[in-house]
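Inspection log for the structure reproduced underneath, given as structure tokens.
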Amino acid sequence: MGTSLKKVAKKAKDYKYVLMVMRHAKTEPFGNGGDAGRELTDKGRKQAKAVAKGLAAFKLTPDRIACSSATRARQTCDRMLKVFGDDPKVDYRQSLYEGGVQSVFDELAQTKEKRRTLLILGHEPTVSIACQWIASSESDPTLLDLLNLGMSPASIAVFGSNEPFSQWQLHSGELIALLAAKDFD
């Protein structure tokens, strides 16, 4: 991590399709509705806004967001949409909360070809494991090693490919960057 957003945005322009897989921002340890009801902390709300501002500043605003239906993921998405505006099409999915890695691949398969920048917003360990499966052999081994450690709150893995998302299979996207929340400060 510790990657320049400017460099990431420049590298992303080399690809027709950009996938960002994000873990929700920092949450409270307990929620009223059990795990699914956990809410963002003040820090988490700030993280979500900072990440959105950073992505927007470097023209990495998604045109589609697939978001877990859990409260903390929805709150992360809502904070980001305050920066992005009405442009991204948002789909809230229970499957991204409870469906595991397959749910991430299902979102790729369901994304129309006209969508060029996709953000999938979910939970650990699903997001980091899915990223390991998505990453192509051209991906930086150091970044792949970092994924083995899991993704911290509000971190994003950025992938690029010239194939439409619906055609992505195992190892289809080059892992361009792994960005931590602090990279957006």
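The values are calculated or read from the model by the stated rules, or taken from the named source; none is laboratory data. For clarity, every value in this text was computed on a predicted model and none was experimentally measured. Here the Cβ positions follow ideal geometry from the backbone for every residue, glycine too, while neighbour counts run over all protein chains shown. For accessibility, only protein heavy atoms count, side chains too; no ligands or nucleic acids. Shrake-Rupley method; radii C 1.70, N 1.55, O 1.52, S 1.80 Å.
A compact table of results
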read-out: Where a residue in segment 117-146 is among the polar types (S, T, N, Q) and modelled with pLDDT under 95 and its partner, wherever it lies, is outside any strand (DSSP E or B) and surrounded by fewer than 19 Cβ atoms within 10 Å (Cβ to Cβ), with Cβ under 7 Å and at least six apart; value: Ser137/His171
read-out: Residues (more than 18 Å from Glu107 (Cα to Cα), crowded, with 24+ Cβ neighbours inside 10 Å and not hydroxyl-bearing (Ser, Thr, Tyr)) located in segment 53-77; value: Leu55, Arg72
read-out: Candidate set: segment 123-147, residues that are polar (S, T, N, Q), assigned to a helix (DSSP H, G or I) and open to solvent by 50 Å² or more (accessible area, probe 1.4 Å); chosen: the one nearest to Ser161 (Cα to Cα); value: Gln132
read-out: Residue check for Lys59: assigned to a helix (DSSP H, G or I) and farther than 13 Å from Pro153 by Cβ; value: no
read-out: Unmet criterion (only one of (1) under 28 Å from Gln169 (Cβ atoms); (2) open to solvent by 70 Å² or more (accessible area, probe 1.4 Å); (3) not charged (D, E, K, R)) for Phe30; value: (1)
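Listed here are the residues, each with its yes/no results for (1) in contact (Cβ under 8 Å) with a residue 12 or more places away in the chain; (2) in a helix (DSSP H, G or I); (3) not hydroxyl-bearing (Ser, Thr, Tyr).
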| site | (1), (2), (3) |
| --- | --- |
| Gln102 | no, yes, yes |
| Phe105 | yes, yes, yes |
| Met151 | yes, no, yes |
| Ala154 | yes, no, yes |
| Ala157 | yes, no, yes |
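Conditions (1) touching a helix residue (DSSP H, G or I) at 6+ places or on another chain (Cβ under 6 Å); (2) open to solvent by 50 Å² or more (accessible area, probe 1.4 Å); (3) modelled with pLDDT under 95, marked per residue:
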{"residue": "Asp14", "(1), (2), (3)": "no, yes, no"}
{"residue": "Val21", "(1), (2), (3)": "yes, no, no"}
{"residue": "Thr41", "(1), (2), (3)": "no, no, no"}
{"residue": "Arg45", "(1), (2), (3)": "yes, yes, no"}
